[in-house]
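Comments concern the structure below.
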Amino acid sequence: MQIQNYEDTARLAAIIDSSQDAIISKNFDGTINSWNAGAEAIFGFSAVEAINQNISIIIPPEYLDKEKEIIKKVKNGEQIKRYETVRRKKNGEQILIDLSISPIRDANNNIIGASKIARDITELRKADETQAMLAAIVNSSDDAIISKNFDGIITSWNVSAVKLFGYTAQEAVGKHISLIIPKDHLDEEAEIIRNIRAGNKIDHIETVRVRKDGTEINISLTVSPIKNKYGKVVGASKIARDITERSRIELQKKLYTKRLQELNTNKDEFMAMASHELKTPLTVIKASLQVLETRMQLDPNVALLQTSVRQANKLSKLIEDLLDASKIQAGKMVLNKSHFQLDQLINDVITYLRPLSQQHNIVCKEPPEPITLLADKNRIEQVLVNILSNAIKYTPNAGDIIIHTVQEQDLVTVSILDSGIGIPQEDLKDIFSRFYRVGGLPTTFAGSGIGLYIAAEIIQRHEGKIWAESTLGTGSTFHFQIKSH
Ligand code: ADP
């Protein structure tokens, strides 16, 4: 530009001063002779501080030689455009700048100095690096990452998308996303777009897509809105993960679970049916044996008959237990509640069980006041029989068995303490489970692992609690607690 007059000069000065780029001029000996507001902002030196100083105040020493080389070219009339180099701010911080240098000529066209326009590109480069890193992450991801605009046109397609869908980036970018959507899933895409337009993210929906070769794949899809720098949604990014294998395993798991449930129901039904069918003939056998026993009191073979009666009773109890377990499994255990005296029931149970063991010392600590319960008497009796017969069975050396009953307001707690073999701590949480027995018990402790399961179920049906404490080799205490009404 040819500078014509004072006005032109003033306009030029205003432009220079309002520029955000640093515009500097200097002599060939390096003396700075102009320094605009942009230079002040970028390098931190004010014009007063910079003018008449040597340009080396902003050049790190290791860049001085390079600077000399460039200045030589400018001296020869060359213009240097957009050259990236490093400069130093007043506070010593180094910055990356984009520099253009032009020769300054006097009226006779002699080159008398250089003008420099510098732009701080440190942030720009950092942003470039971040972008490059993000691109690398996207490309190294195992998930297919795709972006598309609102017209459904694919705008990017990473390496895993190539692997998953079989289309190269060249084949996919620019095409409509329906390229990979099966026909019967096209509605889904419209719904996704509606959500994305509203700025919502779609997290892990399981759906189906189609590969280039026509095969379908189960994918888990996350779709997020892409926003421009003003926060406006301009498209969507999709992350797709192949879950074909997972879906196959899940389907198989469901089938197995269904099959297991069927087998379990069959087994429960069979158990209920078998127990029921066994019960009738056994009742007849028991009754006949009992009649014979009374008739043969003086017969030398009566002992054999007594053994048969005992075993028939055991068998009968086992069948009753199995029937109860089936009822519990089928959710068919019903309670028939009535008022009864608990202390009386406990004494009856002790009398009933006494023949099991003459040696054990069974002590019932009577409560100060008789306790009346509103509960299912037969079922509570069953709980007492199961816990007390265990106490007898698992206290082989005929120790003490103590029964405590305590009432606190409307809560009644019964505790049955034995001095038997005890239960390992790790088994305590399981002993109320169906068919659970502590491992490694000597064969003398015969059992089925149903008694405590039934007891726990009865107490739970009464909305109460049942639990046990034990010390191995010393004894166990079983407690149950229910409301009195
Ligand atoms: P089982 O017919 O085997 O006795 P239960 O359901 O009544 O079945 O008890 C489950 C398991 O809990 C028993 O096999 C035994 O290992 C343990 N157990 C129950 N009561 C006692 C007790 N008083 N002392 C020691 N172990 C016990």
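Before moving on, here are some points about what is shown:
- Computed about its Cα centre, the charge dipole of the range 370-440 is approximately 280 debye, with only Lys, Arg, Asp and Glu carrying charge at their Cβ.
- Put simply, the C-alpha atoms of the range 90-131 give a gyration tensor, and the ellipsoid matching it has half-axes of 33, 13, 5 Å, longest first.
- Summarising the label geometry, the points placed 7 Å from Cα in the beta-carbon direction at residue 188 and residue 139 lie 3.0 nm from one another.
- A straight chain from residue 208 to residue 89 at 0.36 nm per residue would run longer than the Cα-Cα distance by 37.1 nm.
- For the chain, the spherically averaged projection of the C-alpha convex hull amounts to 47.3 nm².
- Karplus-based coupling profile of the range 95-109, in residue order and whole Hz: 10, 8, 10, 9, 10, 10, 10, 10, x, 10, 10, 8, 4, 8, 6, with θ = phi - 60° in 6.51 cos²θ - 1.76 cosθ + 1.60 and x standing for Gly or Pro.
- Farthest towards the positive end of the charge dipole of the chain, among the residues 147, 301, 455, is the Cα of 147, using unit charges on the Cβ of Lys, Arg, Asp and Glu.
- Ellipticity estimate at 222 nm from DSSP helix runs (n ≥ 4, -39,500 (n - 2.57)) divided over the chain, nearest 500: -13500 deg cm²/dmol
- Couplings 3J(HN,Hα) for the range 281-287, derived from phi with the Karplus relation 6.51 cos²θ - 1.76 cosθ + 1.60 (θ = phi - 60°), are x, 5, 4, 5, 4, 4, 4 Hz, where x marks Gly and Pro.
- The convex hull built on the alpha-carbon positions of the range 329-478 has an orientation-averaged projected area of 9.1 nm².
- At 1.306 mPa s and 10 °C, Stokes D of the range 150-302 from Kirkwood alpha-carbon radius, µm² per second: 76
- What separates the Cα centres of the range 29-94 and the range 242-311 is a distance of 99 Å.
- For the range 35-170: rounded, prolate or oblate by the Cα gyration tensor [a/c cutoff 1.5]: prolate
- Chain lengthening between residue 307 and residue 96 when straightened (0.36 nm per residue, less Cα-Cα): 65.7 nm
- Of the chymotrypsin sites (Phe, Trp or Tyr not before Pro) in the range 97-172, the ones in a loop by DSSP (not H, G, I, E or B) with at most 13 other beta carbons within 10 Å are 150.
- Overall form of the range 203-246 per C-alpha gyration tensor (a/c, 1.5; a/b vs b/c): prolate
- Out-of-range pairs (alpha-carbon distance over 20 Å; input 377/483; 258/332; 286/377; 26/126): 258/332; 286/377; 26/126
- Cα-based convex hull volume of the range 223-333 per residue, rounded to whole Å³: 170
- Normalising by residue count, the range 393-480 has a Cα convex hull of 93 Å³ per residue.
- Applying a DSSP loop filter and a limit of 16 other Cβ atoms within 10 Å to the GluC sites (Glu not before Pro) in the range 22-97 leaves 78, 93.
- The distance from the alpha carbon centre of the range 439-485 to that of the range 187-218 is 54 Å, rounded to a whole number.
- Convex hull volume per residue for the range 287-395, taking Cα atoms only, in Å³: 149
- Efficiency of FRET from Cβ geometry, residue 254 and residue 364, R₀ 60 Å, rounded to 0.05: 0.70
- Backbone N under 15 Å from the residue 297 label point (7 Å along Cα→Cβ), restricted to the range 348-364: none
- A Förster distance of 41 Å, applied to the separation of the beta-carbon atoms of residue 198 and residue 267, puts the FRET efficiency at 0.20.
- Couplings 3J(HN,Hα) for the range 203-209, derived from phi with the Karplus relation 6.51 cos²θ - 1.76 cosθ + 1.60 (θ = phi - 60°), are 9, 6, 8, 9, 8, 10, 10 Hz, where x marks Gly and Pro.
- Taking the inverse of the mean 1/r over every pair of distinct Cα atoms in the range 91-204 gives a Kirkwood hydrodynamic radius of 18.7 Å.
- Placing unit charges on each Cβ (+1 for Lys and Arg, -1 for Asp and Glu) gives the chain a dipole about its Cα centre, and among 174, 401, 43 the Cα reaching farthest toward its positive end belongs to 174.
- Estimated FRET transfer efficiency (residue 347, residue 429; beta-carbon r; R0 25 Å; 0.05): 0.20
- Multiplying the residue separation of residue 9 and residue 474 by 0.36 nm and subtracting their alpha-carbon distance yields 156.5 nm.
Readers should treat all values here as calculations from the given coordinates under stated rules, not as data from a laboratory. Keep in mind the model is a prediction, meaning the values are calculated, not measured. Positions of Cβ are generated from backbone atoms using ideal geometry, with glycine treated the same way; all protein chains shown enter the neighbour counts.
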